[in-house]
Amino acid sequence: MDHIVEVNQYKRLMRHKALSIFTMVCLMFTLTGCSSIPEQTSFPLEVVPFVDLNRYTGVWYEIARYPNKFQEGCVGSKATYALGKDGKISVLNECYDKSFNGKIKAAKGKAWVVDKETNAKLKVSFFWFFAGDYWIIELGENYEYAVVGHPKRKYLWILSRTTQIDEEVYATILARLRDKQYDTSRLIKTPQIQQKLEM
């Protein structure tokens, strides 16, 4: 009888241990951003054939973006890029907090090319221990607009050299993004002030 009790206790202990291990594995995958369900994207995201970094640097105004935590409450968002002698790009992101009367929020970082053949795949870091993907997937012929994406389509930004973009141009960009399997319904337009009013 005692032997049977010990066996049952042993089985319960092993089930509990297996459940604990499973829970820890699930938690680990959650914390690392992994998922047991594969993404349904059928083809890899393509970038533009080539980016002239000297032409790409300068000021870009955000026209629209996918919602993200690090830009919550941002209006009038813009990015300023400058190419350094070491080939790296300094990044200055700015926006107004919640309204154009709000405080200006700024974040400084660095970007560097990871695909020398196209210059269209970059890494951007605002913290020394983290770098995110910055892929240029659309670019105007005269560098008048750009679309920045993410290889897993998690992020999306539509940028312009001016605070406004032609509606027809914007519509064609959205159409091409849908062809790239981006859900354009998730995009939120970024309020911008008149261009003469600089930060």
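The values are calculated or read from the model by the stated rules, or taken from the named source; none is laboratory data. Given the structure is predicted, the values throughout are model-derived calculations rather than measurements. No Cβ is skipped: glycine too gets one built from the backbone with ideal geometry, and neighbour counts run over all protein chains shown.
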Look at region 73-128 and say how many of its residues are at positive phi and either of a type in the set (Lys, Arg) or in contact with a strand residue (DSSP E or B) (Cβ under 6 Å, 6 or more places away or on another chain) (or both).
4
Exactly one of 84, 33, 73 is modelled with pLDDT of 95 or more, more than 26 Å from residue 173 (Cα to Cα) and not charged (D, E, K, R), and that one is 84
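How many residues are modelled with pLDDT of 95 or more and in contact with a Ser or Thr (Cβ under 6 Å, 6 or more places away or on another chain) when one looks only at region 140-199?
Total meeting the criteria: 7.
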Any residue in region 112-125 that is farther than 22 Å from residue 81 by Cβ and touching a Leu at 6+ places or on another chain (Cβ under 8 Å)?
no
